[in-house]
Amino acid sequence: MIYDDKKFIGGVIKNARKKAKMSQAELSELINMCDKNLGNIENGKQFPQVNNFLKIIEILNIPLKEFGVV
């Protein structure tokens, strides 16, 4: 099953960031994104751009299977 729900994707990212003990500001700086935009992604208000999504999952070491991708 593939999930494309903004809240689901944002929740996975937020949980992984917290597990990594990283603030939104720290992660935002690493991916060169405004922390407000990261907050909107984590709160399910917007989807991340593909390039930012790939950076986020690499930095936080999130496997694609967490998003329902096999």
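When the solvent-accessible area of the chain is split by element, carbon and sulfur atoms take up 52 percent of it, the probe being 1.4 Å.
Of all the options ILE57, ILE41, ILE13, the one that moves most in a Gaussian network model of the chain with Cα springs shorter than 10 angstrom is ILE57.
Backbone phi angles across the range 20-29, fed through the Karplus curve with coefficients 6.51, -1.76 and 1.60 (θ = phi - 60°), yield HN-Hα couplings of 7, 6, 10, 7, 4, 4, 5, 5, 4, 5 Hz in residue order; Gly and Pro are listed as x. Taking chymotrypsin sites (Phe, Trp or Tyr not before Pro) across the chain, the ones in a DSSP loop with at most 16 further Cβ atoms lying within 10 angstrom of their Cβ are TYR3.
Compute the signed sum of charges (Lys and Arg +1, Asp and Glu -1) over the other residues within less than 15 Å, Cβ to Cβ, of ASN43.
Net of charged neighbours comes to +4.
Estimate the FRET efficiency between ASP5 and VAL50 by the formula 1/(1 + (r/R0)^6), using the beta-carbon distance for r and 22 Å for R0, to the nearest 0.05.
Working: r = 17 Å, r/R0 = 0.76.
Computed FRET efficiency for ASP5 and VAL50: 0.85.
Mean residue ellipticity at 222 nm from the helices of the chain, using -39,500 (n - 2.57) per DSSP H segment of n ≥ 4 over the full residue count, to the nearest 500 deg cm²/dmol? Please list the in-between numbers first.
Values: 4 runs with 40 residues, N = 70.
Dividing the helical sum by the residues of the chain leaves -17000 deg cm²/dmol.
The values are calculated or read from the model by the stated rules, or taken from the named source; none is laboratory data. Predicted model, so just to flag it, every value in this text is computed and none were measured. Glycine gets a Cβ as well: all are built from the backbone with ideal geometry, and neighbour counts include every protein chain shown. Remember, those area values only see protein heavy atoms, side chains included, never the ligands or the DNA or RNA. Shrake-Rupley method; radii C 1.70, N 1.55, O 1.52, S 1.80 Å.
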